[in-house]
Amino acid sequence: MPRMDVSELRKRILHALDDARRDAEGRRQHRGDAEKHWDRFLPATAVPLFRQAAAVLKAEGHLFSVHTPASSVRLVSDGSQETYLEVVLDLSEGAPKMLGRLSISRGRGRQSLEEQPIAPDKAVVDITEDDLARFLVTEVPRLIVR
């Protein structure tokens, strides 16, 4: 049975290590870029847009408040803290994603929670106010009409 030359094995391992280092550096760079974008986008775009949505809902007789817990923004029903629409930056695995979370209280401890990317085909740094507005327009009615 032929055996691989040690120098060939060493070369392959070192090449694989170099590739892994480059991939890790690229992921760190994407994560850093996403965090910088989110740090600007949240206070300048997301929070004001959520406040506008709360004002529109209030004018229509639906009472919602805007909360900003831990680097996110949340449109919360004044009738149930468990009914809300939230936007967060997800850095947990893979490529960074801006996620929307919809939580609806179904009474007596029952709650449904859904999560979806704000703009699935875009990198976080490319997400715009229009993308977030599209998400709000699609999901806000689900908070009201059940």
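The values are calculated or read from the model by the stated rules, or taken from the named source; none is laboratory data. Small disclaimer: the values here were computed from a predicted structure and weren't measured. Heads up, the Cβs are rebuilt from the backbone with ideal geometry, glycines too, and the neighbour counts pull from every protein chain shown.
Tabulated data
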| item | result |
| --- | --- |
| Segment 1-17 residues that are charged (D, E, K, R), paired with ones that are at pLDDT below 85 (beta carbon under 9 Å, 6 or more apart) | 12/4 |
| Matching residues in segment 124-146 - criterion: being in a loop (DSSP other than H, G, I, E, B), at pLDDT 90 or above and not aliphatic (A, V, I, L, M) | 128 |
| Condition met for residue 53 (closer than 19 Å to residue 125 by Cα and in contact with a helix residue (DSSP H, G or I) (Cβ under 9 Å, 6 or more places away or on another chain)) | no |
| Test: residue in segment 81-104 that is surrounded by fewer than 17 Cβ atoms within 10 Å (Cβ to Cβ) and either more than 29 Å from residue 126 (Cα to Cα) or of a type in the set (Ser, Thr, Tyr) (or both) | yes |
| Subset of segment 36-50 (residues that are surrounded by 15 or more Cβ atoms within 10 Å (Cβ to Cβ) and small (Gly, Ala, Ser)) | 46 |
| Residue match in segment 50-68 (condition: modelled with pLDDT of 95 or more, closer than 27 Å to residue 26 by Cβ and touching a strand residue (DSSP E or B) at 6+ places or on another chain (Cβ under 8 Å)) | no |
| Which listed residue is assigned to a helix (DSSP H, G or I), at pLDDT below 95 and exposed (fewer than 12 other Cβ atoms within 10 Å of the Cβ), from 23, 33, 121 | 23 |
| Residue list for segment 103-113, restricted to those being more than 21 Å from residue 49 (Cα to Cα) and not in a loop (DSSP other than H, G, I, E, B) | 105, 106, 107, 110, 111, 112, 113 |
| Complete set of residues in segment 52-73 that are small (Gly, Ala, Ser) and either in contact (Cβ under 8 Å) with a residue 40 or more places away in the chain or part of a loop (DSSP other than H, G, I, E, B) (or both) | 53, 61, 70, 71, 72 |
| Pairs, first over 16 Å from residue 140 (Cα atoms) in segment 101-125, second in a helix (DSSP H, G or I), C-beta under 6 Å, six or more apart | 119/131; 124/34; 124/37; 125/33; 125/37 |
